[in-house]
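The values are calculated or read from the model by the stated rules, or taken from the named source; none is laboratory data. Since this is a predicted model, take the numbers as computed values, not measurements. Positions of Cβ are backbone-derived with ideal geometry, glycine not excepted, and every protein chain shown enters the neighbour counts.
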Amino acid sequence: MTSTAVPARRSLPGRVPRRPWERRGWIFVTPFLLVFALTFLAPIGYTAWLSLFREQVFFGGTTFVGLDNYAQALGDPKFWEAFGRVLRFLAVQVPVMLLLALLAALAIDSARLHAAGFFRLVIFLPYAVPAVVATLMWGFIYSDTFGLAANLNHLLGRDVIHPLSAGWTLTSIGNIVTWEYVGYNMLIFYSALRVVPAELYEAAAIDGAGAYRIIASVKLPALRGALVIATIFSVIGSFQLFNEPNILRPLNLNVINTFYTPNMYALNLSFGGQQYNYSATIAIVMGLLTAVIAYAVQLRGARKGM
């Protein structure tokens, strides 16, 4: 019997044959891509589409206006006032919060703190409280008609403490956000400290480095990546500021207006003023500004890490 050799299948030059396991990978990834497209890409695309139209008040219906809504947003003093307010909030609150979280992580990681697990749980516990509940709780403390501030004023016999006055409202909101998220950032820093190789501490001890020298030369460089991540999350969270001022607004309507933050401005434009197209424009502009600033923070952090 003679056997005929089957010629090997040739592949086109420059083309790598697709392996079966590569096709199976796409099968597993497809459900996630579908959910991601429906829950993330589709809302962004629809918002961008709405921002290109404007509702006609007198004639009814909507008309295509192109980038006119964006030109209006860039010249809107209310939007820039709200943006400047959250920018000031970011410049003060985020460094204070990250510094407190860093100090807490270093203290818990040190061997000198007794009951470190208990303190770690206590510091992290406020993050487990829903933001709405936390703001309501602090609202009872801040109110000058009832709650702790009112009781202190009554005890002193004069109106001294006004946490929600014009000069203190943003600081009071920053205190709430700091109380909520110090534990979250502390956990990020503490997790980064726990993966530092023990050999580095041993080498530093052999060289005669003290506790402060170990912090400066070993722990802080190891926290650089975690610090960049925490800063980016905090920047994004600051520009998304909404729950705290919106819930505290009934306590002082004269200070916390409808455009106190960009997110509050977009909400009131949409559901209060029925300006859905312009509200979508504000959301897109705010998202772009947030992405640019967060990317700048990431680039600066990466450059320092080189």
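Considering 225, 210, the condition of being farther than 27 Å from residue 83 by Cα, without any contact (Cβ under 8 Å) to a residue 12 or more places away in the chain, small (Gly, Ala, Ser) and surrounded by fewer than 17 Cβ atoms within 10 Å (Cβ to Cβ) is satisfied by 210 alone. Taking the criterion of being part of a loop (DSSP other than H, G, I, E, B) and at pLDDT 90 or above, the only residue of the range 164-198 that qualifies is 168. Out of 257, 277, one residue alone is in contact with a strand residue (DSSP E or B) (Cβ under 6 Å, 6 or more places away or on another chain) and more than 30 Å from residue 194 (Cα to Cα). It is 277. Summed over the range 109-149, the residues that are aliphatic (A, V, I, L, M) and modelled with pLDDT under 85 give a count of 4.
Could you tell me which residue of the range 204-222 is farthest from residue 105 (Cα to Cα), considering only residues that are of a type in the set (D, E, K, R) and not in a loop (DSSP other than H, G, I, E, B)? Taking the candidates together, the pick is 213. Of the residues making up the range 140-158, those that are assigned to a loop (DSSP other than H, G, I, E, B), within 26 Å of residue 244 (Cα to Cα) and not acidic (Asp, Glu) number 4. Considering only the range 113-132, I want to know if a residue exists there that is surrounded by fewer than 14 Cβ atoms within 10 Å (Cβ to Cβ), under 21 Å from residue 264 (Cβ atoms) and in contact (Cβ under 8 Å) with a residue 60 or more places away in the chain. Within the range 113-132 (the criterion being surrounded by fewer than 14 Cβ atoms within 10 Å (Cβ to Cβ), under 21 Å from residue 264 (Cβ atoms) and in contact (Cβ under 8 Å) with a residue 60 or more places away in the chain), the answer is yes, since at least one residue qualifies. Evaluating residue 274 against the criteria (1) over 30 Å from residue 140 (Cα atoms); (2) assigned to a helix (DSSP H, G or I); (3) not acidic (Asp, Glu) leaves one unmet condition, (2). In the range 179-191, the residues that are surrounded by 23 or more Cβ atoms within 10 Å (Cβ to Cβ) reach residues that are outside any helix (DSSP H, G or I) and at pLDDT below 95 with C-beta atoms within less than 6 angstrom, at least six apart or across chains, in these pairs: 189/223.
For residue 83, the requirement of being in contact (Cβ under 8 Å) with a residue 12 or more places away in the chain and either within 26 Å of residue 243 (Cα to Cα) or not in a strand (DSSP E or B) (or both) is met. Reported count of residues in the range 130-171, each being closer than 21 Å to residue 91 by Cα and touching an Asp or Glu at 6+ places or on another chain (Cβ under 9 Å), is 3. All conditions in (1) out of contact with any Ser or Thr (no Cβ under 7 Å at 6 or more places or on another chain); (2) closer than 18 Å to residue 137 by Cβ; (3) surrounded by fewer than 19 Cβ atoms within 10 Å (Cβ to Cβ) hold for residue 242, with the sole exception of (1).
Cβ-Cβ distances below 9 Å connect the following pairs, each with a first residue in the range 27-45 that is under 25 Å from residue 283 (Cβ atoms), a second residue that is among the β-branched types (Val, Ile, Thr) and modelled with pLDDT of 90 or more, and a separation of six or more residues or different chains: 44/284.
Checking the structure you have, find out if any residue of the range 109-131 is among the acidic types (Asp, Glu) and closer than 16 Å to residue 277 by Cβ. Scanning the range 109-131, I find no residue that is among the acidic types (Asp, Glu) and closer than 16 Å to residue 277 by Cβ, so the answer is no. Beta carbons closer than 7 Å, at least 6 apart along the sequence or on distinct chains, pair a first residue in the range 66-79 that is aromatic (Phe, Trp, Tyr) with a second that is assigned to a helix (DSSP H, G or I) for 70/281; 70/285; 79/73; 79/262; 79/265; 79/282. Only one of the listed residues (106, 87, 102, 52) is more than 26 Å from residue 174 (Cβ to Cβ) and either out of contact with any His (no Cβ under 6 Å at 6 or more places or on another chain) or surrounded by 12 or more Cβ atoms within 10 Å (Cβ to Cβ) (or both). That residue is 52.
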